[in-house]
1. Could you check Glu149 against (1) farther than 30 Å from Ala176 by Cα; (2) not in a helix (DSSP H, G or I) and say which number it fails?
2. It is to be established whether one or more residues within the stretch 116-136 are surrounded by 13 or more Cβ atoms within 10 Å (Cβ to Cβ), farther than 20 Å from Thr13 by Cα, in contact with a strand residue (DSSP E or B) (Cβ under 8 Å, 6 or more places away or on another chain) and not polar (S, T, N, Q).
3. Scan the stretch 83-96 and report the pairs whose first residue is free of Cβ contacts under 8 Å to residues at least 60 places away in the same chain and whose second residue is more than 16 Å from ligand 2 (Cβ to nearest atom), with Cβ atoms within less than 6 Å and a gap of 6+ or a chain change.
4. Identify, by number, the condition in (1) in contact with a Leu (Cβ under 7 Å, 6 or more places away or on another chain); (2) surrounded by fewer than 17 Cβ atoms within 10 Å (Cβ to Cβ); (3) within 21 Å of Thr14 (Cα to Cα) that Ala175 doesn't meet.
5. Do you know which of the residues in the stretch 115-146 that are among the aliphatic types (A, V, I, L, M) and in a loop (DSSP other than H, G, I, E, B) is modelled with the highest pLDDT?
6. Does the stretch 152-162 include one or more residues that are over 15 Å from the mean Cα position of the chain (by Cα), within 12 Å of ligand 1 (Cβ to nearest atom), without any contact (Cβ under 8 Å) to a residue 12 or more places away in the chain and under 28 Å from Pro68 (Cβ atoms)?
7. Return the residues of the stretch 157-172 that are surrounded by 13 or more Cβ atoms within 10 Å (Cβ to Cβ) and part of a loop (DSSP other than H, G, I, E, B); say none if nothing qualifies.
8. Just for the stretch 104-128: of the residues that are within 12 Å of the chain's Cα centre (by Cα) and more than 16 Å from ligand 2 (Cβ to nearest atom), which one is farthest from Ala176 (Cα to Cα)?
Amino acid sequence: MTVDPDRPSGPTTTVVVMGVSGTGKTTVAEHLVERLGWPFAEGDTFHPPANVAKMHAGTPLDDDDRWPWLQALADWIGAREAAGENAVVTCSALKRSYREVLRAGHPSVWFAHVHTSPDVLRERVTLRAGHYMPPSLLDSQLATLEPLEPDEPGLTITGEGRPDDVAEQVLEALAAEHRVG
Ligand SMILES: Nc1ncnc2c1ncn2[C@@H]1O[C@H](COP(=O)(O)OP(=O)(O)OP(=O)(O)O)[C@@H](O)[C@H]1O
Ligand SMILES: [Mg+2]
């Protein structure tokens, strides 16, 4: 058997920061990237234009809209794995079936479910300016959310602390699982 010197020597980690709109995915992910220096992908940017138009119009996406979006993000994760790179990704990943798309064939995937109470969420999305997600979509997000389950890789954390504290919880869990040095 020959050994390819360019082949990654060990398993990599892709932290998928998940949860409903306004829970702080982007905020937490930015803190993680600052601390870890890992490549970063904002899941929202993988939506095809038709999905963006629907969201602008305040129309909830259906699952047929979501599969190509999730697959595009999964492909990006696969490319990082193939390059032997760790990564940080944001993706609402509200249903277990969506998370399965991201995980399929990608052992690096590790979910950080940022969980915030509905009242705090409403306040955040109402205060937030210049964002394409109308506050009215929050209720459908909350109704759709299937929380991360114990047999899925990752952890659930509260998004109600300070952003750097939320990120710190993620980093501690990653260290405990020997996914960061
Ligand atoms: N831990 C926190 N404490 C207080 N405010 C926060 C916290 N995390 C995020 N915010 C604020 O809440 C708003 C939503 O945060 P953010 O954009 O990170 O959420 P998101 O989950 O990425 O949302 P979306 O799914 O719509 O992209 C922002 O105005 C952000 O500054
Ligand atoms: Mg975001």
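1. Going through (1) farther than 30 Å from Ala176 by Cα; (2) not in a helix (DSSP H, G or I) one by one, Glu149 breaks only (1).
2. Taking every residue of the stretch 116-136 in turn, none turns out to be surrounded by 13 or more Cβ atoms within 10 Å (Cβ to Cβ), farther than 20 Å from Thr13 by Cα, in contact with a strand residue (DSSP E or B) (Cβ under 8 Å, 6 or more places away or on another chain) and not polar (S, T, N, Q).
3. Lys95/Glu146; Arg96/Glu146
4. (1)
5. Leu145
6. Within the stretch 152-162 (the criterion being over 15 Å from the mean Cα position of the chain (by Cα), within 12 Å of ligand 1 (Cβ to nearest atom), without any contact (Cβ under 8 Å) to a residue 12 or more places away in the chain and under 28 Å from Pro68 (Cβ atoms)), the answer is no, since none of the residues qualifies.
7. Within the stretch 157-172, Gly159, Glu160, Gly161 meet the criteria.
8. Let us first name the residues in the stretch 104-128 that are within 12 Å of the chain's Cα centre (by Cα), namely 109-114.
Right, trim to more than 16 Å from ligand 2 (Cβ to nearest atom) and you get 109-110.
Working: Val109: 16, Trp110: 13 Å.
Result: Val109.
The values are calculated or read from the model by the stated rules, or taken from the named source; none is laboratory data. Please read these numbers as outputs of a predicted model, since none were measured by experiment. We place every Cβ from the backbone using ideal geometry, glycine too, and count neighbours over all the protein chains shown.
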